[in-house]
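Trainee: Have a look at this one.
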Amino acid sequence: MVRKPDFVFLESPSKRKLRRGPGISAVIIHHTGSDNALPFLLDPVNQVSYHYVIEKDGRITQTVEDEGEAWHSGHGTLFDTPGNPNSYSIGIGLQGDGNKDAFSLLQMLALEQLVAYLVFMYSVPLNRVVGHQHVDPNRKVDPGRFFPWHGFLMNVAKRLLLTQNEDV
Ligand SMILES: [Zn+2]
């Protein structure tokens, strides 16, 4: 069993309460592009949301339930999967701009724990843990060039392997 990391819940008004389609089969990682993302995401005018936001100090806020659709990746596709990517993915927003600065260690540790939990919980293949820039390459550049894909995926895989024998 992979433990779900601690988080707080602040409900976003920008969501579809229940998913269309067959369920969760991908995790899409974003940067928020700003240091003040939560008020923006909770304002209904903006019609943007992630399931989870991770701030620089590692705090996780869930703003849309996993069974709902957050509005983070309305264009593009992943391996020609039918449907709008929002319908089959969990969206995670990392506070900051990954084309300007590296993400903090606390942020990456929180992300690794959260993604390991989601992959375990919903049987998401690791090659479907991707960035917004991979789903929508003509329009999007996040989470950006400083996102450490190799080390991140290795650490998620390590957490999943450890769970075969113990709680992590
Ligand atoms: Zn994005």
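The values are calculated or read from the model by the stated rules, or taken from the named source; none is laboratory data. Owing to the predicted nature of the structure, the values given are computational and were not obtained by experimental measurement. Cβ atoms come from the backbone with ideal geometry, glycine included; neighbour counts cover every protein chain shown.
Trainee: Restricting attention to region 88-125, which residues are away from the ligand (no atom under 16 Å from the Cβ) and small (Gly, Ala, Ser)?
Mentor: Result: Ala102, Ser104, Ala110, Ala116, Ser123.
Trainee: Can you tell me how many residues within region 1-50 are part of a helix (DSSP H, G or I) and either under 15 Å from Ile90 (Cα atoms) or within 16 Å of the ligand (Cβ to nearest atom) (or both)?
Mentor: Looking only at that region, the number is 5.
Trainee: To continue, here is another question. Within region 100-132, which residues are more than 16 Å from Val27 (Cα to Cα) and either touching a residue at least 12 places away in the same chain (Cβ under 8 Å) or not in a helix (DSSP H, G or I) (or both)?
Mentor: Residues satisfying the conditions are Lys100, Asp101, Ala102, Phe103, Ser104, Leu106, Gln107, Leu109.
Trainee: Going by what's in this entry, would Gly68 be described as touching a residue at least 12 places away in the same chain (Cβ under 8 Å), away from the ligand (no atom under 16 Å from the Cβ), at positive phi and out of contact with any Asp or Glu (no Cβ under 9 Å at 6 or more places or on another chain)?
Mentor: no
Trainee: Output the number of the condition that Gly74 fails; it satisfies all remaining conditions of (1) touching a residue at least 12 places away in the same chain (Cβ under 8 Å); (2) under 17 Å from Val130 (Cα atoms); (3) away from the ligand (no atom under 16 Å from the Cβ); (4) in a loop (DSSP other than H, G, I, E, B).
Mentor: Gly74 satisfies every listed condition except (3).
Trainee: Anything in region 19-52 that is over 18 Å from the mean Cα position of the chain (by Cα) and either at pLDDT 95 or above or surrounded by 14 or more Cβ atoms within 10 Å (Cβ to Cβ) (or both)? List them, or say none.
Mentor: Gly21, Asn46
Trainee: May I pose another question? Against the definition (under 26 Å from Ser14 (Cα atoms), under 14 Å from the mean Cα position of the chain (by Cα) and either within 16 Å of the ligand (Cβ to nearest atom) or surrounded by fewer than 13 Cβ atoms within 10 Å (Cβ to Cβ) (or both)), how does Gly131 come out, yes or no?
Mentor: So Gly131 passes the test.
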